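Taken together, the values in this text are just the output of simple stated rules run on the coordinates, not laboratory data. Here the structure is a predicted model, which is why all the values come from computation and not from measurement. Note: ideal-geometry Cβ built from the backbone for every residue, glycine included; neighbour counts use all protein chains shown.
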Amino acid sequence: MKRVIVGLSGGVDSSVTAYLLKEQGYEVIGLFMKNWHDDSVTISDECPWLEDSNDALIVAEKLGIPFQTVDLSKEYKERIVDYMFNEYERGRTPNPDVLCNREIKFDVFLKIALSLGADYVATGHYCQKDTIQVEGKPVHRLLAGADGNKDQSYFLCQLSQEQLSKTLFPIGHLTKPEVREIAKEQDLITAGKKDSQGLCFIGKVKLPDFLQQQLQPKEGVIVEIPEDQSFYQKSIPDFDSKEDELAFFSNKIDYSVDQGNVVGKHQGAHYFTIGQRKGLAVGGTAEPLFVIDTDVNENVIYTGQGKAHPGLYRRTLFVNQDEVHWVREDMRLNIDETMRVEARIRYRQPLQTATLYQVDSGLYVDFDEPQSAITAGQFVAWYVGDELVGSGVIG
């Protein structure tokens, strides 16, 4: 009997994960990760980790599996929360959920599981894994979940072959309604429990409140950039090389206050992200304002009217070489090589066709169609078919 440690979160997905593994004959142990206990930043009437750990315990008892709690709040603060604050301070928008999987669930947690004699860890992610042979060696493939509506492969885009080799995704071939049905049939307390929202493990956090603990409010101006500005109509030069062309299309515009009109005030540019519409509190425009850029040094937010504003769109993004990650190491590009892929720059975005170009300094992702709100600090993940093969932090 192989031993599997399940990250029991107190939700329906991990509950059914544990049940299915037990049915398959594994020796299953449930482990609840306590990663946060500063209740001042969660929404007041909830104490998510307490309620969730109780539900996880009840599920473990129902399934007749051992259960314990591990406190990873120190590692979580160092690796996720401090990183988040640092990124926001630099005017970037991090994705804590991707980091949480790479740094906590499939690193700290995985190491604890292995130290307890586990052969594998298992999570309730909606994604799938299979193993193929490449030149006589096993290679693990990270595949999209069967439920297109719930596919969570994007959140696992930073996993390595080593991490995948020790991981099981028992519900990846099921849809959410099927998972709930199994939980109901087995009379698990989590069967009807709503999916958790908010930050990975922290619960339903008010992000501005969370950021304000560390990043002081600082009044600045909101500037609206008209869409008929001349720099949006600039002519495309003749390029000496493909790399010059990609650099041109990946360049962000450097805005200045004198290019637009001051339309309001804000409490800190580092609280805002590109593409954001809510929270600007500026009325009186024909179409809603969207954030098209933030300048944390000058503490200015640049906005444009409407979803189609040209300041929201770019065709090409760049990933610095030290931020390029291949799940499939055997498919890594050499300098000057290209690859046709489908890519997404945020969770739930439909896949977009693109070409990867590997250069000395990093990787360009050149989309067939301009993309809205390409945001520094977020992850771009690229797929071949339904397999996620690599990812990187957008520069």
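Summary table
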{"read-out": "Angle between the chain longest axis and helix 176-185 axis [Cα atoms, degrees, rounded to 10]", "value": "20 degrees"}
{"read-out": "Nearest-20 debye value, the chain charge dipole, Cβ charges on Lys, Arg, Asp, Glu", "value": "920 debye"}
{"read-out": "Positive dipole terminus of segment 3-212, leading residue within GLY91, LEU164, PHE67 (C-beta point charges)", "value": "LEU164"}
{"read-out": "Most fluctuating residue given options VAL324, VAL282, VAL98, as computed from a GNM of the chain linking Cα atoms under 10 Å", "value": "VAL282"}
{"read-out": "Relative contact order, percent, segment 3-212 [alpha-carbon distance under 8 Å, six or more residues apart]", "value": "28 percent"}
{"read-out": "Neighbour-count ranking [beta-carbon atoms within 10 angstrom, fewest first] of TRP382, TRP36", "value": "TRP36, TRP382"}
{"read-out": "Rounded tilt (10° steps) of 48-63 against the dominant C-alpha axis of the chain", "value": "30 degrees"}
{"read-out": "Loop sites in segment 283-379: GluC sites (Glu not before Pro), DSSP, at most 15 other Cβ within 10 Å", "value": "GLU298, GLU337"}
{"read-out": "Fraction of beta bridges assigned by DSSP in the chain that are antiparallel (%, nearest 5)", "value": "75 percent"}
{"read-out": "Cβ-defined net charge surrounding GLY392, 10 Å radius [Lys, Arg +1; Asp, Glu -1]", "value": "-2"}
{"read-out": "Using a Förster distance of 22 Å, the FRET efficiency for THR69-LEU116 (Cβ separation, nearest 0.05)", "value": "0.95"}
{"read-out": "Distant alpha-carbon pairs in segment 3-212 (separation over 30 angstrom), percent", "value": "20 percent"}
{"read-out": "Solution diffusion estimate, µm²/s, Stokes-Einstein, the chain, Kirkwood Rh from C-alpha pairs, 10 °C, viscosity 1.306 mPa s", "value": "70 µm²/s"}
{"read-out": "Relative contact order computed over the chain (Cα-Cα under 8 Å; 6+ residues apart), in percent", "value": "16 percent"}
{"read-out": "Estimated [θ] at 222 nm from DSSP helical runs (n ≥ 4, -39500 (n - 2.57)) normalised by residues in the chain, nearest 500", "value": "-5500 deg cm²/dmol"}
{"read-out": "Folded to 0 to 90 degrees: helix 12-23 orientation relative to the chain principal axis, Cα", "value": "40 degrees"}
{"read-out": "Environment charge of ASP82, counting only residues whose C-beta is closer than 12 Å and scoring Lys/Arg +1, Asp/Glu -1", "value": "-2"}
